[in-house]
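What follows is a short report on a single structure.
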Amino acid sequence: MQTLTYFPSLFETYIINEKKSLKITKEILLIIAGSLLLALSAQISIPMSPVPFTMQTYAILLIGGIYGARLGFLTVLTYLIEGAMGFPVFANGSFGIGVIVGPTGGYLLGFLTASLIMGLCSNIGNDKEILKNLMFSFIAHLSIFFFGILWLASF
């Protein structure tokens, strides 16, 4: 049986090699930057009913792949909390808990799983191999659609 070896994400490798307090500050800044990227990518959309087509899925894959599983997950969670608190970060400037429990809620939940999948790809070292990276990207996209369609079926 093959054991999995933990590889640090690109972020951990090249950016965080300093004191703990500076590491936490950099992580917070990266989480904010990642949630801003998600908010901006949500505004690039093709309006469809009931769920718009956005660039968020690609931003999710990018964030998970670069930040790793833990920081990628925290970034997406922060983005969802910002939207629930009333910041207009969701598609077409929408916001509020109603968006999360509405027809798009499953897709938003799928963002969390997709960031974890891409982060795990990065953390186990598969982000350096194109075919494995594409496979993880495909699986991450499937997770978004799985939760999204499952949730949407209830509406």
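Among the residues of region 101-155, those that are under 17 Å from GLY72 (Cα atoms) and outside any helix (DSSP H, G or I) comprise ILE124, GLY125. Listed by position, the helices (runs of 4 or more DSSP H) inside region 1-92 whose residues that are modelled with pLDDT of 95 or more and either under 18 Å from the mean Cα position of the chain (by Cα) or exposed (fewer than 14 other Cβ atoms within 10 Å of the Cβ) (or both) number at least 2 are 20-42, 56-67, 69-84.
Among the residues here, PHE95 does not qualify as outside any helix (DSSP H, G or I), surrounded by fewer than 21 Cβ atoms within 10 Å (Cβ to Cβ), of a type outside the set (Asp, Glu) and touching a residue at least 24 places away in the same chain (Cβ under 8 Å). Which is in contact (Cβ under 8 Å) with a residue 40 or more places away in the chain, over 12 Å from ALA69 (Cα atoms) and buried (at least 23 other Cβ atoms within 10 Å of the Cβ), of ILE144, ILE117? After ruling out the rest, the residue left standing is ILE144. Restricting attention to region 78-97, the residues that are under 14 Å from LEU112 (Cα atoms) and aliphatic (A, V, I, L, M) add up to 2. The residues of region 120-130 that are in contact (Cβ under 8 Å) with a residue 60 or more places away in the chain and surrounded by 19 or more Cβ atoms within 10 Å (Cβ to Cβ), listed by number, are SER122, ASN123, ASP127. Of a type in the set (Val, Ile, Thr) and over 15 Å from LEU38 (Cβ atoms) - does that describe any residue in region 82-95? Checking region 82-95: not a single residue is of a type in the set (Val, Ile, Thr) and over 15 Å from LEU38 (Cβ atoms).
Condition test on ASN133, is it over 14 Å from PRO50 (Cβ atoms), in contact with a helix residue (DSSP H, G or I) (Cβ under 9 Å, 6 or more places away or on another chain), buried (at least 20 other Cβ atoms within 10 Å of the Cβ) and modelled with pLDDT under 95? It is false that ASN133 is over 14 Å from PRO50 (Cβ atoms), in contact with a helix residue (DSSP H, G or I) (Cβ under 9 Å, 6 or more places away or on another chain), buried (at least 20 other Cβ atoms within 10 Å of the Cβ) and modelled with pLDDT under 95. One residue is enough: does region 36-58 have a residue meeting the conditions free of Cβ contacts under 8 Å to residues at least 24 places away in the same chain, more than 11 Å from MET118 (Cβ to Cβ), touching a helix residue (DSSP H, G or I) at 6+ places or on another chain (Cβ under 6 Å) and not charged (D, E, K, R)? Yes, region 36-58 contains at least one residue that is free of Cβ contacts under 8 Å to residues at least 24 places away in the same chain, more than 11 Å from MET118 (Cβ to Cβ), touching a helix residue (DSSP H, G or I) at 6+ places or on another chain (Cβ under 6 Å) and not charged (D, E, K, R).
The values are calculated or read from the model by the stated rules, or taken from the named source; none is laboratory data. Treat the numbers as computed from the prediction; the structure is a model and nothing was measured. No Cβ is skipped: glycine too gets one built from the backbone with ideal geometry, and neighbour counts run over all protein chains shown.
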